Amino acid sequence: MFQKDTIAAIATGSVNAGIGIIRISGTEAIAVADRIFRAKKQGKTVEQLPGYSALFGNVCDGDCVLDEAVCLVMRAPNSYTTEDVVELQCHGGRIMLQRILDLVLRSGARPAEPGEFTKRAFLGGRIDAAQAESVMDMIYARNELAARSSAAQLRGTLSLRIRELREMILEHVAYIESALDDPENYSLEGYGDVLRPQIEETLVQVDRLLATAEEGKLIREGIRTVILGKPNAGKSSLLNQLLGEERAIVTEIAGTTRDTLEEDVQIQGIPLRIIDTAGIRDTVDTVEKIGVDKAKNSVTDADLVLYVVDGARPLDMDDTRIMELLEGRRVITVINKIDVEQTVDKMWIMEQIKAPVVELSARTGEGMEELRKCLTDMFFHGTLSMNDEVYITNLRHKQALQEAADSLRQVLTGLEQQMPEDFLTIDLMAAYEQFGYILGETLNDDLANEIFSKFCMGK
Ligand code: GDP
(Lines give C-alpha, C1' and ligand atoms only; values in the text may rest on other atoms or scores of the structure.)
Protein backbone atom coordinates (compact mmCIF):
# COMPACT_ATOMS: atom_id res chain seq x y z
CA MET A 1 0.00 0.00 0.00
CA PHE A 2 2.93 2.31 0.68
CA GLN A 3 3.89 4.57 -2.17
CA LYS A 4 7.56 5.30 -1.94
CA ASP A 5 7.85 7.80 -4.75
CA THR A 6 8.51 11.41 -3.95
CA ILE A 7 5.71 13.94 -4.18
CA ALA A 8 5.62 17.72 -4.23
CA ALA A 9 3.05 20.50 -4.16
CA ILE A 10 2.59 24.14 -3.30
CA ALA A 11 1.38 23.96 0.30
CA THR A 12 0.29 27.56 0.74
CA GLY A 13 -2.82 29.37 -0.46
CA SER A 14 -3.65 30.57 -3.92
CA VAL A 15 -3.24 34.28 -3.28
CA ASN A 16 -0.01 36.18 -3.57
CA ALA A 17 1.55 36.43 -0.13
CA GLY A 18 4.83 37.16 1.62
CA ILE A 19 5.91 33.57 1.84
CA GLY A 20 4.93 30.53 -0.17
CA ILE A 21 5.91 26.99 0.70
CA ILE A 22 6.68 24.11 -1.61
CA ARG A 23 6.57 20.81 0.19
CA ILE A 24 8.45 17.74 -0.99
CA SER A 25 7.98 14.35 0.68
CA GLY A 26 9.44 10.91 0.06
CA THR A 27 12.70 8.98 -0.05
CA GLU A 28 14.11 11.29 -2.71
CA ALA A 29 12.99 14.55 -1.10
CA ILE A 30 16.44 15.53 0.13
CA ALA A 31 18.18 14.50 -3.09
CA VAL A 32 15.65 16.51 -5.12
CA ALA A 33 16.28 19.54 -2.92
CA ASP A 34 20.04 19.22 -3.36
CA ARG A 35 19.60 19.24 -7.13
CA ILE A 36 17.97 22.67 -7.11
CA PHE A 37 19.03 24.43 -3.92
CA ARG A 38 22.37 26.20 -3.46
CA ALA A 39 23.16 27.25 0.10
CA LYS A 40 24.71 30.69 0.55
CA LYS A 41 27.25 29.09 2.83
CA GLN A 42 29.76 27.44 0.49
CA GLY A 43 29.82 23.69 0.52
CA LYS A 44 26.72 23.16 2.63
CA THR A 45 24.18 20.69 1.29
CA VAL A 46 20.68 19.72 2.34
CA GLU A 47 21.89 16.14 2.78
CA GLN A 48 24.17 17.27 5.60
CA LEU A 49 21.38 18.84 7.58
CA PRO A 50 19.97 17.11 10.65
CA GLY A 51 16.17 17.07 10.98
CA TYR A 52 14.41 20.31 11.94
CA SER A 53 17.16 22.53 10.63
CA ALA A 54 17.36 24.91 7.74
CA LEU A 55 19.66 26.50 5.17
CA PHE A 56 19.36 29.87 3.50
CA GLY A 57 20.17 30.01 -0.19
CA ASN A 58 18.91 30.15 -3.77
CA VAL A 59 16.64 27.94 -5.77
CA CYS A 60 18.50 27.46 -9.05
CA ASP A 61 17.49 26.04 -12.41
CA GLY A 62 20.98 25.23 -13.66
CA ASP A 63 22.82 28.55 -13.58
CA CYS A 64 19.62 30.55 -13.39
CA VAL A 65 18.64 31.72 -9.90
CA LEU A 66 14.87 31.63 -9.54
CA ASP A 67 14.36 32.84 -5.98
CA GLU A 68 15.90 33.15 -2.56
CA ALA A 69 14.58 30.59 -0.14
CA VAL A 70 14.90 28.91 3.22
CA CYS A 71 15.20 25.16 2.90
CA LEU A 72 13.85 23.31 5.92
CA VAL A 73 14.46 19.62 6.47
CA MET A 74 12.44 17.13 8.51
CA ARG A 75 13.73 13.61 8.57
CA ALA A 76 11.72 10.40 8.63
CA PRO A 77 9.90 9.42 10.72
CA ASN A 78 9.66 12.78 12.47
CA SER A 79 7.71 14.69 9.87
CA TYR A 80 4.10 15.32 8.88
CA THR A 81 4.09 12.42 6.44
CA THR A 82 6.55 10.25 8.45
CA GLU A 83 8.85 10.40 5.39
CA ASP A 84 11.76 12.71 4.64
CA VAL A 85 10.22 16.12 4.02
CA VAL A 86 11.79 19.26 2.62
CA GLU A 87 9.98 22.58 2.66
CA LEU A 88 11.21 25.34 0.42
CA GLN A 89 10.04 28.63 1.86
CA CYS A 90 10.13 31.01 -1.06
CA HIS A 91 8.51 34.33 -1.86
CA GLY A 92 4.80 33.81 -2.09
CA GLY A 93 4.01 34.98 -5.62
CA ARG A 94 1.98 32.43 -7.54
CA ILE A 95 3.97 32.69 -10.76
CA MET A 96 7.31 32.14 -9.07
CA LEU A 97 5.98 29.31 -6.88
CA GLN A 98 4.64 27.57 -9.94
CA ARG A 99 8.02 27.91 -11.69
CA ILE A 100 9.81 26.46 -8.67
CA LEU A 101 7.31 23.62 -8.40
CA ASP A 102 7.86 22.84 -12.10
CA LEU A 103 11.58 22.71 -11.41
CA VAL A 104 11.05 20.38 -8.45
CA LEU A 105 8.92 18.12 -10.63
CA ARG A 106 11.60 18.05 -13.34
CA SER A 107 14.15 17.15 -10.68
CA GLY A 108 12.68 13.87 -9.50
CA ALA A 109 9.35 14.45 -7.73
CA ARG A 110 5.85 13.98 -9.07
CA PRO A 111 2.84 16.18 -8.37
CA ALA A 112 1.06 15.24 -5.14
CA GLU A 113 -2.60 14.33 -5.38
CA PRO A 114 -5.05 16.24 -3.16
CA GLY A 115 -4.58 15.09 0.43
CA GLU A 116 -1.64 12.86 -0.42
CA PHE A 117 0.64 14.25 2.29
CA THR A 118 -1.99 13.49 4.91
CA LYS A 119 -2.70 10.12 3.31
CA ARG A 120 0.95 9.26 3.82
CA ALA A 121 0.74 10.36 7.45
CA PHE A 122 -2.20 7.96 7.76
CA LEU A 123 -0.52 5.09 5.90
CA GLY A 124 2.63 5.72 7.92
CA GLY A 125 0.58 5.16 11.06
CA ARG A 126 1.15 8.61 12.54
CA ILE A 127 -2.53 9.52 12.54
CA ASP A 128 -5.72 7.51 12.13
CA ALA A 129 -8.53 8.17 9.65
CA ALA A 130 -10.58 10.26 12.09
CA GLN A 131 -7.58 12.47 12.73
CA ALA A 132 -6.82 12.72 9.01
CA GLU A 133 -10.39 13.84 8.37
CA SER A 134 -10.09 16.44 11.11
CA VAL A 135 -7.17 18.03 9.25
CA MET A 136 -9.46 18.80 6.35
CA ASP A 137 -12.25 19.87 8.66
CA MET A 138 -9.89 22.31 10.28
CA ILE A 139 -8.78 23.78 6.96
CA TYR A 140 -12.38 24.22 5.83
CA ALA A 141 -13.77 25.25 9.23
CA ARG A 142 -16.28 28.05 8.74
CA ASN A 143 -16.34 29.20 12.31
CA GLU A 144 -14.34 29.10 15.48
CA LEU A 145 -16.33 26.28 17.05
CA ALA A 146 -15.80 24.08 14.02
CA ALA A 147 -12.08 24.86 14.08
CA ARG A 148 -11.85 24.03 17.77
CA SER A 149 -13.85 20.86 17.38
CA SER A 150 -11.62 19.64 14.55
CA ALA A 151 -8.50 20.57 16.53
CA ALA A 152 -9.76 18.39 19.39
CA GLN A 153 -10.40 15.56 16.95
CA LEU A 154 -6.89 15.94 15.54
CA ARG A 155 -5.50 15.67 19.06
CA GLY A 156 -7.24 12.32 19.14
CA THR A 157 -10.12 12.92 21.56
CA LEU A 158 -12.58 10.95 19.46
CA SER A 159 -10.05 8.30 18.47
CA LEU A 160 -9.13 7.64 22.09
CA ARG A 161 -12.77 7.13 23.03
CA ILE A 162 -13.31 4.75 20.12
CA ARG A 163 -10.10 2.85 20.79
CA GLU A 164 -11.14 2.18 24.40
CA LEU A 165 -14.52 0.83 23.35
CA ARG A 166 -12.92 -1.27 20.69
CA GLU A 167 -10.35 -2.81 23.02
CA MET A 168 -13.00 -3.71 25.54
CA ILE A 169 -14.96 -5.56 22.86
CA LEU A 170 -11.89 -7.37 21.64
CA GLU A 171 -11.11 -8.61 25.13
CA HIS A 172 -14.55 -10.16 25.36
CA VAL A 173 -14.26 -11.78 21.96
CA ALA A 174 -10.82 -13.12 22.85
CA TYR A 175 -12.10 -14.53 26.11
CA ILE A 176 -15.14 -16.18 24.55
CA GLU A 177 -13.06 -17.71 21.80
CA SER A 178 -10.46 -18.98 24.26
CA ALA A 179 -13.23 -20.55 26.32
CA LEU A 180 -14.71 -22.21 23.27
CA ASP A 181 -11.30 -23.57 22.29
CA ASP A 182 -10.14 -24.51 25.72
CA PRO A 183 -13.15 -25.10 27.98
CA GLU A 184 -11.01 -26.75 30.64
CA ASN A 185 -9.15 -23.57 31.45
CA TYR A 186 -11.70 -20.88 30.60
CA SER A 187 -15.29 -21.01 31.75
CA LEU A 188 -18.25 -19.28 30.17
CA GLU A 189 -20.39 -20.05 33.18
CA GLY A 190 -22.18 -16.83 34.13
CA TYR A 191 -20.22 -14.87 31.50
CA GLY A 192 -23.38 -13.21 30.27
CA ASP A 193 -23.62 -11.40 33.61
CA VAL A 194 -20.15 -9.98 33.07
CA LEU A 195 -20.75 -9.08 29.45
CA ARG A 196 -24.22 -7.52 29.70
CA PRO A 197 -23.42 -4.51 31.93
CA GLN A 198 -20.34 -3.70 29.88
CA ILE A 199 -22.23 -3.79 26.62
CA GLU A 200 -24.98 -1.68 28.16
CA GLU A 201 -22.41 0.85 29.31
CA THR A 202 -20.78 0.87 25.88
CA LEU A 203 -24.15 1.49 24.28
CA VAL A 204 -24.74 4.42 26.61
CA GLN A 205 -21.44 5.87 25.49
CA VAL A 206 -22.14 5.30 21.81
CA ASP A 207 -25.59 6.81 22.12
CA ARG A 208 -24.08 9.79 23.90
CA LEU A 209 -21.69 10.28 21.01
CA LEU A 210 -24.52 9.92 18.52
CA ALA A 211 -26.51 12.50 20.42
CA THR A 212 -23.77 15.03 19.69
CA ALA A 213 -24.18 14.52 15.95
CA GLU A 214 -26.97 17.07 15.66
CA GLU A 215 -24.89 19.67 17.43
CA GLY A 216 -21.91 18.50 15.44
CA LYS A 217 -23.76 19.31 12.25
CA LEU A 218 -24.74 22.73 13.56
CA ILE A 219 -21.14 23.39 14.54
CA ARG A 220 -19.86 22.30 11.19
CA GLU A 221 -22.43 24.02 9.01
CA GLY A 222 -23.77 26.72 11.28
CA ILE A 223 -27.36 27.03 12.53
CA ARG A 224 -29.43 27.67 9.41
CA THR A 225 -31.25 30.81 10.36
CA VAL A 226 -34.00 32.73 8.63
CA ILE A 227 -34.91 36.24 9.73
CA LEU A 228 -38.59 37.08 9.35
CA GLY A 229 -40.59 40.16 10.21
CA LYS A 230 -42.57 43.03 8.80
CA PRO A 231 -40.88 45.75 6.78
CA ASN A 232 -39.07 48.19 9.07
CA ALA A 233 -39.10 45.80 12.02
CA GLY A 234 -35.30 45.93 11.92
CA LYS A 235 -34.34 42.71 10.12
CA SER A 236 -31.53 44.29 8.15
CA SER A 237 -30.33 46.12 11.22
CA LEU A 238 -30.26 42.87 13.18
CA LEU A 239 -28.39 41.20 10.35
CA ASN A 240 -25.89 44.04 10.31
CA GLN A 241 -25.54 43.84 14.04
CA LEU A 242 -24.81 40.14 13.73
CA LEU A 243 -22.41 40.68 10.86
CA GLY A 244 -20.74 43.53 12.66
CA GLU A 245 -19.79 41.32 15.55
CA GLU A 246 -17.23 39.40 13.56
CA ARG A 247 -17.01 41.11 10.25
CA ALA A 248 -13.64 39.61 9.49
CA ILE A 249 -14.94 36.10 9.20
CA VAL A 250 -18.09 36.79 7.26
CA THR A 251 -18.17 34.89 4.03
CA GLU A 252 -20.75 35.04 1.33
CA ILE A 253 -21.78 31.74 -0.14
CA ALA A 254 -24.10 31.22 -3.03
CA GLY A 255 -27.16 29.51 -1.60
CA THR A 256 -28.63 26.27 -2.73
CA THR A 257 -31.62 27.91 -4.30
CA ARG A 258 -31.65 30.82 -6.67
CA ASP A 259 -32.03 34.21 -5.06
CA THR A 260 -30.63 33.12 -1.75
CA LEU A 261 -27.44 34.21 -0.20
CA GLU A 262 -26.03 32.46 2.80
CA GLU A 263 -23.79 34.25 5.20
CA ASP A 264 -21.79 32.74 8.01
CA VAL A 265 -21.77 34.86 11.09
CA GLN A 266 -20.98 34.23 14.70
CA ILE A 267 -22.80 35.66 17.59
CA GLN A 268 -20.17 35.54 20.28
CA GLY A 269 -18.87 32.19 19.17
CA ILE A 270 -22.16 30.63 18.08
CA PRO A 271 -22.15 29.88 14.38
CA LEU A 272 -25.19 31.04 12.46
CA ARG A 273 -25.68 30.57 8.77
CA ILE A 274 -28.07 33.29 7.82
CA ILE A 275 -30.21 32.35 4.88
CA ASP A 276 -30.88 35.66 3.26
CA THR A 277 -33.78 34.77 1.03
CA ALA A 278 -34.75 37.41 -1.46
CA GLY A 279 -37.83 37.92 0.68
CA ILE A 280 -36.12 38.55 3.99
CA ARG A 281 -36.26 42.25 3.71
CA ASP A 282 -39.93 42.20 2.75
CA THR A 283 -41.44 39.15 4.29
CA VAL A 284 -44.95 40.43 4.27
CA ASP A 285 -44.63 41.42 0.66
CA THR A 286 -43.49 37.92 -0.07
CA VAL A 287 -46.44 36.50 1.74
CA GLU A 288 -48.79 38.69 -0.23
CA LYS A 289 -47.24 38.61 -3.67
CA ILE A 290 -45.82 35.19 -4.06
CA GLY A 291 -48.10 33.44 -1.65
CA VAL A 292 -47.59 31.81 1.67
CA ASP A 293 -45.94 28.78 0.10
CA LYS A 294 -42.80 30.58 -0.92
CA ALA A 295 -42.44 32.16 2.48
CA LYS A 296 -43.09 28.80 4.06
CA ASN A 297 -40.36 27.27 1.93
CA SER A 298 -37.90 29.76 3.24
CA VAL A 299 -38.50 28.52 6.77
CA THR A 300 -38.79 24.83 5.94
CA ASP A 301 -35.08 24.06 5.88
CA ALA A 302 -34.25 26.45 8.66
CA ASP A 303 -32.93 25.24 12.01
CA LEU A 304 -34.06 28.53 13.47
CA VAL A 305 -36.35 31.43 12.67
CA LEU A 306 -35.57 34.80 14.17
CA TYR A 307 -38.90 36.60 14.16
CA VAL A 308 -38.22 40.31 14.45
CA VAL A 309 -40.97 42.47 15.90
CA ASP A 310 -40.82 46.26 16.07
CA GLY A 311 -41.34 46.89 19.78
CA ALA A 312 -42.46 50.42 19.16
CA ARG A 313 -45.35 49.50 16.90
CA PRO A 314 -48.49 47.57 17.83
CA LEU A 315 -48.95 44.19 16.21
CA ASP A 316 -51.36 43.84 13.30
CA MET A 317 -52.69 41.32 10.78
CA ASP A 318 -49.30 41.06 9.06
CA ASP A 319 -47.83 39.74 12.27
CA THR A 320 -50.62 37.22 12.58
CA ARG A 321 -49.80 35.99 9.10
CA ILE A 322 -46.14 35.59 9.93
CA MET A 323 -46.97 33.85 13.20
CA GLU A 324 -48.92 31.24 11.30
CA LEU A 325 -45.76 30.38 9.39
CA LEU A 326 -43.89 29.79 12.61
CA GLU A 327 -45.91 26.87 13.79
CA GLY A 328 -43.77 23.83 14.45
CA ARG A 329 -40.52 25.73 13.89
CA ARG A 330 -37.76 26.56 16.30
CA VAL A 331 -38.24 30.26 16.83
CA ILE A 332 -36.74 33.04 18.84
CA THR A 333 -38.90 36.14 18.88
CA VAL A 334 -36.77 39.25 18.86
CA ILE A 335 -38.54 42.34 20.13
CA ASN A 336 -36.43 45.06 18.59
CA LYS A 337 -35.95 48.78 19.30
CA ILE A 338 -35.91 48.60 23.10
CA ASP A 339 -34.01 51.89 23.00
CA VAL A 340 -37.32 53.63 22.27
CA GLU A 341 -40.67 53.51 23.99
CA GLN A 342 -42.31 50.10 23.78
CA THR A 343 -45.88 49.46 22.79
CA VAL A 344 -46.00 45.75 21.99
CA ASP A 345 -47.38 43.34 24.52
CA LYS A 346 -44.61 40.89 25.29
CA MET A 347 -46.82 38.55 27.29
CA TRP A 348 -49.31 38.29 24.48
CA ILE A 349 -46.57 37.42 21.99
CA MET A 350 -45.22 34.75 24.31
CA GLU A 351 -48.66 33.21 24.59
CA GLN A 352 -49.15 33.24 20.85
CA ILE A 353 -45.80 31.84 19.76
CA LYS A 354 -44.72 29.78 22.74
CA ALA A 355 -41.08 30.47 22.04
CA PRO A 356 -38.37 32.39 23.85
CA VAL A 357 -38.51 36.14 23.53
CA VAL A 358 -35.42 38.32 23.51
CA GLU A 359 -35.66 42.07 23.80
CA LEU A 360 -32.85 43.98 22.17
CA SER A 361 -31.85 46.97 20.16
CA ALA A 362 -30.37 46.22 16.79
CA ARG A 363 -29.31 49.85 16.74
CA THR A 364 -27.26 49.95 19.95
CA GLY A 365 -26.45 46.28 20.33
CA GLU A 366 -28.03 46.17 23.78
CA GLY A 367 -29.49 42.72 24.46
CA MET A 368 -27.32 40.80 21.99
CA GLU A 369 -25.78 38.86 24.87
CA GLU A 370 -29.30 37.76 25.76
CA LEU A 371 -29.74 36.44 22.24
CA ARG A 372 -26.58 34.41 22.57
CA LYS A 373 -27.75 32.89 25.82
CA CYS A 374 -31.03 32.02 24.23
CA LEU A 375 -29.20 30.30 21.36
CA THR A 376 -26.96 28.22 23.62
CA ASP A 377 -29.99 27.17 25.64
CA MET A 378 -31.85 26.20 22.53
CA PHE A 379 -29.09 24.45 20.61
CA PHE A 380 -26.32 23.47 22.97
CA HIS A 381 -28.16 22.51 26.16
CA GLY A 382 -27.05 25.73 27.77
CA THR A 383 -23.39 24.81 27.65
CA LEU A 384 -20.84 25.49 25.04
CA SER A 385 -17.49 24.56 26.45
CA MET A 386 -15.44 23.25 23.59
CA ASN A 387 -12.41 22.23 25.52
CA ASP A 388 -12.08 18.55 25.07
CA GLU A 389 -15.63 17.80 24.23
CA VAL A 390 -16.12 15.28 21.49
CA TYR A 391 -18.67 16.14 18.83
CA ILE A 392 -19.55 13.87 15.96
CA THR A 393 -19.30 16.17 12.97
CA ASN A 394 -18.66 13.60 10.29
CA LEU A 395 -21.43 11.64 8.60
CA ARG A 396 -19.19 8.62 8.07
CA HIS A 397 -18.50 8.44 11.81
CA LYS A 398 -22.17 8.83 12.61
CA GLN A 399 -23.12 5.95 10.34
CA ALA A 400 -20.41 3.70 11.76
CA LEU A 401 -21.56 4.48 15.30
CA GLN A 402 -25.16 3.72 14.39
CA GLU A 403 -24.12 0.36 12.92
CA ALA A 404 -22.00 -0.39 15.97
CA ALA A 405 -24.92 0.46 18.25
CA ASP A 406 -27.19 -1.87 16.25
CA SER A 407 -24.71 -4.72 16.62
CA LEU A 408 -24.34 -4.09 20.34
CA ARG A 409 -28.12 -4.19 20.71
CA GLN A 410 -28.05 -7.54 18.91
CA VAL A 411 -25.56 -8.75 21.50
CA LEU A 412 -27.96 -7.76 24.27
CA THR A 413 -30.84 -9.50 22.50
CA GLY A 414 -28.65 -12.57 22.08
CA LEU A 415 -27.85 -12.56 25.78
CA GLU A 416 -31.52 -12.28 26.63
CA GLN A 417 -32.34 -15.20 24.38
CA GLN A 418 -29.41 -17.18 25.77
CA MET A 419 -27.86 -17.62 22.38
CA PRO A 420 -24.63 -19.62 22.22
CA GLU A 421 -21.57 -17.46 22.79
CA ASP A 422 -20.16 -17.90 19.31
CA PHE A 423 -23.25 -16.11 17.99
CA LEU A 424 -22.53 -13.24 20.31
CA THR A 425 -19.01 -12.93 19.00
CA ILE A 426 -20.37 -12.34 15.49
CA ASP A 427 -22.18 -9.20 16.63
CA LEU A 428 -19.34 -8.16 18.88
CA MET A 429 -16.95 -8.39 15.94
CA ALA A 430 -19.36 -6.40 13.77
CA ALA A 431 -19.31 -3.58 16.33
CA TYR A 432 -15.53 -3.90 16.59
CA GLU A 433 -15.23 -3.49 12.84
CA GLN A 434 -17.45 -0.43 12.75
CA PHE A 435 -15.33 1.23 15.42
CA GLY A 436 -12.27 0.28 13.42
CA TYR A 437 -13.85 1.88 10.40
CA ILE A 438 -13.87 5.25 12.17
CA LEU A 439 -10.18 4.91 12.90
CA GLY A 440 -9.47 3.66 9.42
CA GLU A 441 -8.31 0.26 10.57
CA THR A 442 -10.94 -1.53 8.58
CA LEU A 443 -10.96 0.90 5.72
CA ASN A 444 -10.86 -0.29 2.15
CA ASP A 445 -8.90 1.40 -0.60
CA ASP A 446 -11.94 3.01 -2.20
CA LEU A 447 -12.95 4.67 0.98
CA ALA A 448 -9.42 5.82 1.75
CA ASN A 449 -9.30 7.35 -1.72
CA GLU A 450 -12.65 8.99 -1.17
CA ILE A 451 -11.59 10.52 2.14
CA PHE A 452 -8.35 11.91 0.80
CA SER A 453 -9.68 13.08 -2.53
CA LYS A 454 -11.75 15.64 -0.66
CA PHE A 455 -8.57 17.29 0.53
CA CYS A 456 -7.10 20.37 -0.99
CA MET A 457 -3.82 20.35 -2.88
CA GLY A 458 -0.68 20.48 -0.83
CA LYS A 459 -2.16 18.95 2.32
P1 GDP B 1 -36.20 45.89 7.91
O2 GDP B 1 -37.09 46.50 6.88
O3 GDP B 1 -36.97 44.94 8.77
O4 GDP B 1 -34.97 45.27 7.34
O5 GDP B 1 -35.76 47.07 8.89
P6 GDP B 1 -34.45 47.94 8.93
O7 GDP B 1 -33.37 47.19 9.59
O8 GDP B 1 -34.18 48.49 7.59
O9 GDP B 1 -34.86 49.07 9.95
C10 GDP B 1 -35.99 49.91 9.72
C11 GDP B 1 -35.79 51.20 10.48
O12 GDP B 1 -35.79 50.95 11.88
C13 GDP B 1 -34.48 51.89 10.18
O14 GDP B 1 -34.72 53.28 10.13
C15 GDP B 1 -33.61 51.55 11.35
O16 GDP B 1 -32.65 52.51 11.60
C17 GDP B 1 -34.61 51.46 12.48
N18 GDP B 1 -34.16 50.58 13.53
C19 GDP B 1 -33.73 49.29 13.38
N20 GDP B 1 -33.41 48.77 14.58
C21 GDP B 1 -33.63 49.74 15.50
C22 GDP B 1 -33.48 49.81 16.93
O23 GDP B 1 -33.06 48.88 17.62
N24 GDP B 1 -33.84 50.98 17.52
C25 GDP B 1 -34.33 52.03 16.81
N26 GDP B 1 -34.64 53.10 17.50
N27 GDP B 1 -34.47 51.99 15.50
C28 GDP B 1 -34.12 50.88 14.82
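The values are calculated or read from the model by the stated rules, or taken from the named source; none is laboratory data. Quantities reported herein were computed from a predicted structural model and do not represent experimental measurements. Ideal geometry is used to build each Cβ from the backbone, glycine not excepted, and the neighbour counts take in all protein chains shown. Keep in mind that these areas ignore ligands, DNA and RNA; they rest on the heavy atoms of the full protein, side chains included. Shrake-Rupley method; radii C 1.70, N 1.55, O 1.52, S 1.80 Å.
Roughly speaking, to the nearest percent, how much of the stretch 77-169's 1.4 Å accessible area is carbon and sulfur?
54
Say the cut-off is 22 Å between C-alpha atoms; which of LYS119/LYS217; LYS337/LYS373; LYS217/LYS398; LYS41/LYS459; LYS44/LYS459 go over it?
Exceeds cut-off: LYS119/LYS217; LYS41/LYS459; LYS44/LYS459.
Once you compute Rg and the Kirkwood Rh from C-alpha atoms, what is the Rg to Rh ratio for the stretch 156-221?
The Rg/Rh ratio comes out at 1.17.
Send over a whole-number figure in Å² for the accessible area per residue of the stretch 306-403, probe 1.4 Å.
51
Run the reach check for LYS230 against aspartates and glutamates, Cα to Cα strictly under 14 Å, same-chain hits fewer than 8 apart removed. What comes back?
ASP282, ASP285, GLU288, ASP310, ASP316, ASP318, ASP319, GLU324
With unit charges on the beta carbon (Lys/Arg positive, Asp/Glu negative), name the residue among ALA39, ALA11, ILE21 whose Cα is farthest towards the positive pole of the charge dipole of the stretch 1-50.
ALA39
Extending each Cα 7 Å along its Cβ direction at LYS40 and ARG196, get the distance between those two points in nm, one decimal.
Rounded to a tenth, the inter-label distance reads 7.5 nm.
Got a sec? Charge dipole of the stretch 143-213, +1 on Cβ for Lys and Arg, -1 for Asp and Glu; which of ALA152, MET168, ILE199 is way out at the positive end?
Result: ALA152.
Over the stretch 1-118, average the accessible area per residue using a 1.4 Å probe and give it in Å², no decimals.
47
If you count the DSSP beta bridges with both ends in the chain, what percent of them are antiparallel, to the nearest 5?
70
So with the 1.4 Å probe, I'd like the accessible area per residue for the stretch 191-235, rounded to whole Å².
Counting only protein heavy atoms, the per-residue value for the stretch 191-235 is 40 Å².
With a 1.4 Å probe and all protein chains left in place, how much of the accessible area of the stretch 308-403 comes from carbon and sulfur atoms, in whole percent?
47
Students often get this wrong: which residues of the stretch 15-37 have the backbone nitrogen under 18 Å from the point 7 angstrom along Cα-to-C-beta of CYS64?
Inside the label zone: 35-37.
Which one, GLN98, PRO356, GLY269, is farthest towards the positive end of the dipole of the chain when Lys and Arg carry +1 and Asp and Glu -1 on their Cβ?
GLN98
Going by a ≥ b ≥ c, the root eigenvalues of the Cα gyration tensor, does the chain fall in the rounded group (a/c under 1.5), the prolate group (a/b larger than b/c) or the oblate group?
oblate
What is the mean projected area of the alpha carbon convex hull for the stretch 1-97, to one decimal in square nanometres?
6.4
Can you give the charge dipole size of the chain about its Cα centre, rounded to the nearest 20 debye, using +1 on the beta carbon of Lys and Arg and -1 on the beta carbon of Asp and Glu?
Value, rounded to 20: 2180 debye.
Let me spell out the model: positive unit charges on the Cβ of Lys and Arg, negative unit charges on the Cβ of Asp and Glu, origin at the Cα centre of the stretch 390-437. What dipole size does that give, in debye rounded to 20?
320
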